[in-house]
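See structure below.
The values are calculated or read from the model by the stated rules, or taken from the named source; none is laboratory data. Note that the coordinates shown come from a computational prediction; the quantities given were computed from them, not determined experimentally. All Cβ positions, even for glycine, are placed from backbone atoms using ideal geometry, and neighbour counts span all protein chains on display.
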Amino acid sequence: MKKAFNCFLLLILFVISSQFSFAQDDADGCKDHPLVNRMPGFYLALCDESYNEKELIAGVEKTEIVEGTVTEYEYYAKDGQKLPSRFQVIKNYENAILQNGGEKIYLKARESGEGPQAATFRMKTADAIYWLSLYYFNGSDAQCDGYRMVVVKVEGMKQEITANEMFEKVNAGEALALYINFDTGKSTIKEESQGIVEELYAMMNNNATLKIVIEGHTDNVGSAASNKTLSEQRAAAVKNALVKKGIAADRIKTLGYGQEKPLADNSTEDGKAKNRRVEIRKQ
């Protein structure tokens, strides 16, 4: 009887040990982001991906709302591992990202002083811009046994069009749809769209008699009135960018239609992305 009990006890211990060991493995379907690796001795307990907006820390009292493919990760230290400090975790990522051409947006490696203990970086690749943020550190400042990381991939509508191609279409009387990205809910042109603005400037600069109309369009998120105002502001922002480069203001008119003229179905994310556009027409 005692032997049977001991065997049963060993079985229970084996099951518990197996479950604990399994819990130390990466969650099903989860793997590190291709641009960055985890801290040594940590396992990936959770990962989640969706197209969304994410508010990221960009300063002591400043945040940045970034829209794109959001992937969130939760890492925890494996049992028996020597725990790094939170400072070490943050600096490890900083070194890796900066060595690969990334830039630091915000970093506070210690708890003392103003601002949350976190770090936000930005990296560019040939096809997208990535934002990466570290936050919510478990354990103590000296021994970090878990941390969270979020990566936002900003990959707007892919569009490669030259100034000559723009002119051929506009001069033929066709509408030219340009997918210029702006800050969410604002009229600030994002950095990844500066190439399109440069080609638009080249078209205007190379064709001195050309006059255009810039039309702003949005998806249906928000009220019709606010979207119309936003579309007007975004059309004006593109005009202002061209004027700052030297194009005469009287060669450009602006209009805003808001959500009134969708190109695609606003019930899908892809459709909304196509509807958020700037159209160029010949006057």
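Listing for the model above:
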read-out: Failed condition for Lys82, given (1) under 23 Å from Lys124 (Cβ atoms); (2) of a type in the set (Lys, Arg); (3) modelled with pLDDT of 90 or more; value: (1)
read-out: Candidate set from the stretch 159-173 (those that are part of a loop (DSSP other than H, G, I, E, B) and free of Cβ contacts under 8 Å to residues at least 60 places away in the same chain); member that is surrounded by the most Cβ atoms within 10 Å (Cβ to Cβ); value: Ile161
read-out: Single residue of Ile97, Ile105 found to be in contact (Cβ under 8 Å) with a residue 60 or more places away in the chain, assigned by TED's automatic domain parsing to the domain that holds Lys54 and either farther than 22 Å from Leu46 by Cα or assigned to a helix (DSSP H, G or I) (or both); value: Ile97
read-out: Per-region count, the stretch 132-158, residues surrounded by 14 or more Cβ atoms within 10 Å (Cβ to Cβ) and over 30 Å from Tyr43 (Cα atoms); value: 2
read-out: Search result, residues across the stretch 32-83 that are surrounded by fewer than 14 Cβ atoms within 10 Å (Cβ to Cβ), among the acidic types (Asp, Glu) and in contact with an Asp or Glu (Cβ under 6 Å, 6 or more places away or on another chain); value: Asp48, Glu53
read-out: Considering residues of the stretch 211-221 that are within 14 Å of Asn275 (Cα to Cα) and not in a strand (DSSP E or B) only, the residue modelled with the lowest pLDDT; value: Val221
read-out: Qualifying residue in the stretch 96-108 (condition: buried (at least 19 other Cβ atoms within 10 Å of the Cβ), within 20 Å of the chain's Cα centre (by Cα) and over 19 Å from Asp32 (Cβ atoms)); value: yes
